[in-house]
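What follows is a set of notes on a single structure, which appears directly below.
Where a number appears in this text, it was derived from the coordinates with a stated rule and is not lab data. Please read all numbers here as calculations on a predicted model, not as lab measurements. Neighbour counts run over all protein chains shown; Cβ positions are idealised from the backbone, glycine included.
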Amino acid sequence: MKKLIFTFLFISIAALGQEFNLEIHKTSLFDYIKIEEKLGSIRLENESRYYSGEGIAQPIRFLRKEEGIPNCIVSYQFYEKDSALTQIEYEWDVYNFEKQDNNQKSEEFEKELISKYENLKKEISKKLGQPTTKNNYSNLAKYKQELFFEENATWKPNDTTKVELYITVSNYYEKRGMVTINPVHRIRLYIMKI
């Protein structure tokens, strides 16, 4: 029976072209790991110790290959005692793979990253309704830039779930003494139990 449920779950995700599952309360850690394996994700070792609260285990992390945008790192946080999920994070961030100052990207790359964000927001909105959004809310927003995009979208479909999606796309670079502002090209999607 479990195999049948998992097969249905995976087929529904693959058939809809989705790469995430919002059902954090209904899907087990085991099922999420099976999904990652079916997608061909690479399991990552934790490079540091994560402190997320009492009883929270070290996250299980995977790398998903992407085309045209940064690869996605998926992190599953769960309780040690029963492996119940607490949070899932999907992150597409250039800095995870290219750690250098003034790492500016082409306008084409930035548009592709923004398109990925918009598609994620659209897919989540189909399932959860329209989000609450904030635009250009950080300190980076004060700098004039040709292609600067920053947005945070939040859904609270019920009293126990929160979904947050945000993007920052900026080629702004400034170095003043010990302070450096580097370009940022990042999308993060959090699915959380609250």
Would you mind checking the tilt of helix 107-128 against the longest principal axis of the Cα atoms of the chain, expressed as 0 to 90 degrees and rounded to 10? 40 degrees
Quick one: E174, E91, E66, fewest Cβ neighbours within 10 Å first, how do they rank? E174, E66, E91
Taking the number of other C-beta atoms within 10 Å as the exposure measure, put H185, H25 in order starting with the fewest. H25, H185
Against the longest principal axis of the chain, how steep is helix 2-15, in degrees 0 to 90 to the nearest 10, with axes from Cα atoms? 30 degrees
Residue-span extension gain [K126 to R176] - 0.36 nm each, minus C-alpha spacing: 13.6 nm
Determine the dipole magnitude for the chain: charges of +1 sit on the beta-carbon of Lys and Arg, -1 on that of Asp and Glu, nothing else is charged, the reference point is the Cα centre, and the result goes in debye to the nearest 20. 400 debye
Explain nothing, just compute: Karplus ³J(HN,Hα) = 6.51 cos²θ - 1.76 cosθ + 1.60, θ = phi - 60°, for every residue of the stretch 57-65 in order, whole Hz, x for Gly and Pro. 6, 5, x, 9, 10, 9, 10, 10, 6
In which sequence would Y95, Y32, Y137 go, from the one with the fewest C-beta neighbours within 10 Å to the one with the most? Y137, Y95, Y32
To the nearest 10 degrees, how steeply does helix 29-39 sit against the main Cα axis of the chain, on a 0 to 90 scale? 60 degrees
For I56, distant residues with modelled amide H under 5 Å away: E80
Which value in Å does the Kirkwood hydrodynamic radius of the chain take, with 1/r averaged over all unlike C-alpha pairs and then inverted? 18.1 Å
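Which entries in K81/K121; K34/K111; K99/K126; K116/K156; K65/K99; K34/K65 show an alpha-carbon gap greater than 27 Å?
In this structure, K81/K121; K34/K111; K99/K126 exceed 27 Å between Cα atoms.
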